[in-house]
1. Could you give each residue of the range 243-248 its phi-based ³J(HN,Hα) in whole Hz, using Karplus coefficients 6.51, -1.76, 1.60 with θ = phi - 60°, and x for Gly or Pro?
2. Consider just the alpha-carbon atoms of the range 217-380 and return their Rg together with their Dmax, both in angstrom.
3. When N is the residue count of the range 258-324, what does its C-alpha Rg come to as a fraction of 2.2 N^0.38 Å?
4. Sorted from fewest to most neighbouring beta carbons within 10 Å, what does the list ARG82, ARG71, ARG508, ARG335 look like?
5. Calculate, for ARG169 and SER97, the FRET efficiency according to 1/(1 + (r/R0)^6) with r their C-beta to C-beta distance and R0 35 Å; round to the nearest 0.05.
6. Taking only the alpha carbons of the range 114-219, what extent do you get along each of the three principal axes, in Å, biggest first?
7. Take the range 3-206, drop everything but the C-alpha atoms, weight them equally and run the Debye formula without solvent; then report log10 I(q)/I(0) at 0.11, 0.14, 0.15 Å⁻¹ to two decimals.
8. Which value, in debye to the nearest 20, describes the size of the charge dipole of the range 3-206 about its Cα centre when Lys and Arg Cβ atoms bear +1, Asp and Glu Cβ atoms bear -1, and nothing else is charged?
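Throughout, read-outs are computed from the coordinates displayed, never taken from laboratory work. Fair warning: this is a prediction, and the values are worked out from it, not measured in the lab. For neighbour counting, all protein chains shown are included, and Cβ atoms are generated from backbone atoms with ideal geometry for every residue, glycine included.
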Amino acid sequence: MSFAELGLSEKVQQAVEAAGYTTPTPIQAQAIPHVLARRDVLGVAQTGTGKTAAFTLPMLTLLEQGRARARMPRTLILEPTRELAAQVEENFERYGSNHKLNVALLIGGVSFADQDLKITRGVDVLIATPGRLLDHFERGKLLLTGVELLVIDEADRMLDMGFIPDIERIVKMVPFTRQTLFFSATMPPEIQRLADDFLHNPVRIEVARPASTAATITQRLVATGAEGHQKRKTLRKLIRAAEELNNGIIFCNRKRDVAQLQKSLSNHGFNVAALHGDMDQRARMAALDAFRSGEVPLLVASDVAARGLDIPAVSHVFNFDVPHHAEDYVHRIGRTGRAGRTGTALTLIGRGDEKSLAAIETLIGQPIAWADGDLASLPEDEPGEATERRGRGGRGRRDEGRRQDGRQAQGGKDRGGRDEGGSSEGRRDETRRRRASRNARSEETAPSPRNGEAPRVREDRRPVQEERRPQDERAPARRNDRGRHRDDDAMPEAEIGMGAHVPAFLLRPVVLKKRTEGE
């Protein structure tokens with residue numbers, strides 16, 4: 001079957017031939033006629049089978065009639081990530097070279113003013129991520145009442161990223177009489193429920209079993225130590241030993257691991273770029289363009305690059321981390337072996353990854369072969385773990401040894417506070433003897449009073465404070481300058497008022513003058 005038999009317009013067929021395509025993929029051959037017939041379509045196909053062109057080509061044919069109005073797009077395409085949205089825009093530019101259509105891209109990281117200007121002029125095709133689309137709508141810059149065709153692409157990724165509430169809100173804003181195209185690589189129960197709510201009597205097109213992998217991809221498991229530096233060493237060996245490695249994508253689960261791994265590979269002489277969600281849009285597009293052009297052969301990325309990115313010539317995919325969700329494995333390795341090409345997918349497996357591996361093999365319906373021995377071939381005490389203990393625990397062991405020696409010298413205490421060598425009663429007796437010795441020394445060194453002179457009472461300089469804050473038996477003991485607890489028995493009692501000291505002016509006799517008669 002050729003594209004001419006699908007009912008596409010002459011302009012679209014010329015653009016497809018100029019792009020070098022002659023035969024449609026199965027998803028394209030089955031979906032395009034139903035889209036042209038204005039039917040709702042539910043498309044399920046493994047990644048890399050040409051789902052983007054399955055809705056792009058018929059949309060171009062349908063948009064040849066009519067014109068756009070200000071702030072009211074004619075069609076709306078929702079994508080989960082900025083990269084996917086930009087890729088769809090590139091498809092419209094490639095296949096719509098013979099059309100005069102206005103295409104607008106609403107994604108984060110780009111100025112609102114430039115996007116508002118395009119919307120104001122009127123757009124035929126609006127490609128957006130849910131968050132930025134709602135931002136424009138809430139600002140009053142966008143109306144969705146003129147949408148004739150709605151496309152929800154990578155629906156399972158929308159579910160994973162938490163966009164489903166936004167999608168449900170957007171669907172309520174578009175007309176009920178719209179045509180809806182729903183595409184996904186996997187079909188979990190949640191996505192099936194949404195498809196039932198959004199689509200009206202849809203045509204279900206399933207060209208491959210959901211969550212299946214392409215037969216052109218060689219999948220292998222590589223046993224490695226669970227420590228970070230050991231995994232990085234194993235990855236470097238795989239990259240150097242890989243046959244026919246033109247370029248490759250290395251996937252990590254966490255964004256911070258992406259930056260760390262990219263830096264490590266760069267330090268070992270590899271030409272590598274990084275791509276994750278915390279990067280600004282300009283840096284993300286620059287890294288992706290450098291990888292597409294071949295300027296950078298290796299790309300370390302999070303799952304932001306696992307869905308729908310069309311880079312046909314990727315020869316290898318390395319899973320540095322086993323994905324948390326089994327469906328992500330299908331999307332990751334789907335970056336290679338696209339459009340009938342062969343590819344290789346290598347996954348690093350360490351102890352603790354057995355459960356995730358079992359979920360992946362259950363999902364794809366087949367076991368994955370090991371490259372050079374399974375986890376049983378790993379040593380019991382992995383080199384990475386021993387190295388980390390030596391580097392991190394050397395000082396800790398020395399300190400622990402000192403603490404143990406101190407406990408042995410003092411009789412020791414266990415974690416519950418109980419004495420291991422001596423009794424708590426003996427320790428209290430020793431404390432009393434020390435206090436008594438200190439008190440005796442204080443009395444011997446104290447200056448003796450002069451003959452015939454009463455001993456002087458120490459003057460307390462805080463009488464008011466003592467009255468306001470009487471000594472509480474429950475209050476913690478005060479400390480002296482050296483930090484040792486004072487003996488409460490040796491402390492003098494607090495004096496009340498002026499104590500034994502009477503000021504001299506109070507002891508002077510009072511002299512009263514005699515009053516004269518004239519006074």
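1. Going residue by residue, I get 8, 6, 7, 7, 7, x Hz, with x marking Gly and Pro.
2. Reported Rg and Dmax, both Å: 14.9, 46.
3. Expressed relative to 2.2 N^0.38 Å, the Cα Rg reads 1.06.
4. Going from sparsest to densest Cβ surroundings: ARG508, ARG71, ARG82, ARG335.
5. The calculated FRET efficiency here is 0.50.
6. Taking the Cα atoms of the range 114-219, the three principal extents are 48, 32, 24 Å.
7. -0.46, -0.78, -0.90
8. That gives a dipole near 700 debye.
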